[in-house]
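Here's the structure, in structure tokens; my notes come after.
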Ligand code: SF4
Ligand code: SF4
């Protein structure tokens, strides 16, 4: 699965569809019915970024990452958690009864404990639907195309092409479990601000803004919109220079030591128009 975070609107259709598919429904031998409350096999992590006057919100869909090096498989006894040849990790709903240690093994905290059944449970990529040549339910209902699903072995599939582009990343690479859910546009840091022409006290539209990463010297360019606003998103932490240039005005450079999302406030450009 490939998840494009920039396309997710936080509508919760996937969340609701997953509950509809699994609440009170058994799919032997892959999953037992999910309880009505307390389990979210796909969930949304809401991430608020920045501060007034520049606040952004991202919704990050999370579900079992189907790890190639899965600690849940290692933690299970009697082969109760196994990886299928197609890469999907399954918790056997009979063999896993009573094996609470499986819940604690997942570094992403994406396994849930069913108290009534004494059973660990999680997303199965809707394997029962795949057998009917359907996509997982969350993928089917996502109205914005944020969730993409396919066969990575098929070089012509959409997911193969996206992963081959090298633009995807793991959600928590520090876990090092070789996850098979690939993410695009995971929120990072931004530098934003508003530019005004000081002599006329008006929003400065079309100002050329150049961001230079001081460690690499690599530049990024944008220009201000009709409100005089600009933004560079997807940045890593570190030291940057932001240069503002507009014909007839004195160029200005602001240095930024980026540790958290930054709005530079109002940047005044001064100098006589030609
Ligand atoms: S995300 Fe957690 S439950 Fe899923 S395969 Fe990896 S370790 Fe197991
Ligand atoms: S259905 Fe799609 S857009 Fe809606 S919350 Fe889920 S991933 Fe995001």
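Any read-out appearing in this document is the output of simple, stated calculations on the displayed coordinates, not a laboratory observation. This structure is a prediction, so every number in the text was calculated from the model and none was measured. Cβ coordinates were reconstructed from backbone atoms using ideal geometry, including for glycine residues, and neighbour counts include every protein chain displayed.
Annotations
- In segment 36-45, residue farthest from ligand 1 (Cβ to nearest atom) [restricted to those that are more than 17 Å from residue 127 (Cα to Cα) and touching a strand residue (DSSP E or B) at 6+ places or on another chain (Cβ under 6 Å)]: 36
- The lone exception for residue 241 - which of (1) over 26 Å from the mean Cα position of the chain (by Cα); (2) part of a strand (DSSP E or B); (3) within 20 Å of residue 55 (Cβ to Cβ) it fails: (3)
- For segment 55-87, a residue qualifies if it is without any contact (Cβ under 8 Å) to a residue 12 or more places away in the chain and either under 21 Å from the mean Cα position of the chain (by Cα) or within 16 Å of residue 104 (Cα to Cα) (or both), and exactly one does: 55.
- Scanning segment 118-158 for residues being within 15 Å of ligand 1 (Cβ to nearest atom) and assigned to a loop (DSSP other than H, G, I, E, B) gives a total of 6.
- For segment 103-117, the tally of residues that are surrounded by 14 or more Cβ atoms within 10 Å (Cβ to Cβ) and more than 8 Å from ligand 1 (Cβ to nearest atom) stands at 6.
- Complete set of residues in segment 9-33 that are under 25 Å from the mean Cα position of the chain (by Cα), within 16 Å of ligand 1 (Cβ to nearest atom) and in contact (Cβ under 8 Å) with a residue 40 or more places away in the chain: 18
- Any hit, segment 65-78, residues being part of a strand (DSSP E or B), surrounded by fewer than 18 Cβ atoms within 10 Å (Cβ to Cβ) and more than 10 Å from ligand 2 (Cβ to nearest atom): no
- Scope segment 1-31; condition in a loop (DSSP other than H, G, I, E, B) and buried (at least 20 other Cβ atoms within 10 Å of the Cβ); matching residues: 1, 8
- Selection count where residues are closer than 29 Å to residue 76 by Cα and surrounded by fewer than 18 Cβ atoms within 10 Å (Cβ to Cβ), scope segment 131-159: 5
- All positions within segment 32-56 that are near ligand 2 (Cβ under 10 Å from one of its atoms) and surrounded by fewer than 13 Cβ atoms within 10 Å (Cβ to Cβ): none
- Search result, residues across segment 34-54 that are under 30 Å from residue 165 (Cα atoms), without any contact (Cβ under 8 Å) to a residue 40 or more places away in the chain and out of contact with any helix residue (DSSP H, G or I) (no Cβ under 8 Å at 6 or more places or on another chain): 45, 46, 48
- Checked against the criteria, residue 85 does not count as within 14 Å of ligand 1 (Cβ to nearest atom) and surrounded by fewer than 19 Cβ atoms within 10 Å (Cβ to Cβ).
- Residues being assigned to a loop (DSSP other than H, G, I, E, B) and closer than 16 Å to residue 30 by Cα - total across segment 100-117: 2
- Matching option when the condition is assigned to a strand (DSSP E or B), in contact (Cβ under 8 Å) with a residue 60 or more places away in the chain and loosely packed, with under 15 Cβ neighbours inside 10 Å, among 266, 256, 196: 266
- Checking each residue in segment 1-20 for being over 23 Å from residue 152 (Cβ atoms), touching a helix residue (DSSP H, G or I) at 6+ places or on another chain (Cβ under 6 Å) and more than 6 Å from ligand 2 (Cβ to nearest atom) picks out only 17.
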